[in-house]
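Notes follow the structure.
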Amino acid sequence: MTELKKHFAVIGNPIHHSLSPQIHTAFAKEAGLLIDYEAVLSPLNQFKQTVQTLITKKLNGANVTLPFKKEAYELASSHSNHAKIAKAVNTFEFKEGEIIGHNTDGIGLVRDLEQNLHVNLNSKKILIIGAGGAAEGVVYSILEKKPTELTLTNRTIEKSNMIQNKMNEYAKSFDVSLNVVEIVKLPHHYFDVIINATSASLSDGDLNIDNKVFHEDSLAYDMMYGKETNFIKQARSQASQTSDGIGMLVEQAAEAFYIWHHIKPQTKTVIDLLRKN
Ligand code: NDP
């Protein structure tokens, strides 16, 4: 019997830059699956209609990217635990008329840190700079790893406070000290892992982070990929280990692939390939 081709898409605006079609096609090829995966540009005010059109075209699943992750949460009829806590969805599973919303961003980041970069988060001191969707989406997955402390900071500190208020009950349940500190008042002691979850580098902005947050053994991680950011340049001068966010991107895609196909793809070759390109 011929295997039926399954159909997938990533929806965003803009979307031309998305690497998801390339990543999922590589995973499917390696797994011997027959799929197509397209990038779909949704008009900003027509996300729901775009999704419904894709469902009528018998799509099996879709990824959702900026700026629709919150709308995707509203649209889903049921949610995974991570999506429920982040109130944001980056992966849809279309199943028997139902839209199931998942969020694989946090899982992707933690897997990249622990499995690819070999940094165990347990009992570590972690700093997240930024309080947008990306930062909010990864906090729970980090708390699950039970670091000693997780400090949040952002240019607009009220947004960090909002995340702290939302996540405090989980922090308590995992016995993690969850703090908010203004950038200029960051404690003059180092963190083991410093994560830049801002989009400051899009405008070549500086974060004004004190050099003392870095240590020669700390990992400076920028969720951004595709260029060396000022944050990574600063961390390098402090002799920290550094990484861009390409591994997070591939690992969150791998988790989405697992949700759709129940197969765990090999990620290393895809990460290496994207980095080389
Ligand atoms: P949002 O627009 O939701 O949030 C942007 C964040 O960046 C806010 O905290 C904002 O601060 C801060 N910011 C923007 N410009 C500056 C600046 N000049 N100085 C200081 N802070 C600034 O974006 P997301 O959270 O969705 O994405 C953030 C980054 O993470 C992007 O670069 C994105 O590409 C990357 N990302 C990577 C992923 C991966 O798989 N590797 C997955 C998801 C995101 P304020 O609140 O003050 O405006």
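The values are calculated or read from the model by the stated rules, or taken from the named source; none is laboratory data. This is a predicted model, so every value here is computed, not measured. Cβ atoms come from the backbone with ideal geometry, glycine included; neighbour counts cover every protein chain shown. Heads up: the accessible areas ignore ligands, DNA and RNA and are worked out on the full protein's heavy atoms, side chains in. Shrake-Rupley method; radii C 1.70, N 1.55, O 1.52, S 1.80 Å.
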Apportionment of accessible area to carbon and sulfur, segment 211-267, percent (1.4 Å): 46 percent
Solvent-accessible surface (1.4 angstrom probe) belonging to Lys172, in square angstrom, nearest 10: 150 Å²
Long-range amide H partners of Leu178 with built H, under 5 Å: Leu150
Rounded percent of accessible protein surface that carbon and sulfur make up, segment 96-140, 1.4 Å probe: 44 percent
By accessible area with a 1.4 Å probe, ligands and nucleic acids excluded, highest first: order of Asp204, Asp217, Asp244: Asp217, Asp204, Asp244
R0 of 30 Å, Cβ-Cβ distance Lys276-Ser203: FRET efficiency to nearest 0.05: 0.65
Sum of -39500 (n - 2.57) over DSSP H runs of 4+, divided by residues of the chain (222 nm, nearest 500): -11000 deg cm²/dmol
Sum of side-chain charges, Asn13 neighbourhood, beta-carbon under 13 Å (Lys, Arg +1; Asp, Glu -1): 0
Under 5 Å, built H, 5+ apart or other chain: amide partners of Thr91: Val64, His102, Thr104
HN-Hα J in Hz across segment 99-110 - Karplus 6.51, -1.76, 1.60, θ = phi - 60°, x for Gly and Pro: 10, 9, x, 10, 10, 9, 4, x, 4, x, 5, 5
Amide hydrogen neighbours beyond the local backbone of Ala39, cut-off 5 Å, H modeled: Val10
Potential extension, Lys233-Asn45 segment - 0.36 nm per residue separation minus Cα distance: 63.9 nm
Percent RCO, i.e. relative contact order, over the chain, from Cα pairs under 8 Å lying at least 6 residues apart: 15 percent
Simple label model, 7 Å out from Cα along Cβ direction - Asn168 to Gln266, nm: 4.8 nm
For segment 106-244: accessible area per residue (Å², 1.4 Å): 46 Å²
Charge dipole (debye, nearest 20) of segment 128-277; +1 at Cβ of Lys and Arg, -1 at Cβ of Asp and Glu: 200 debye
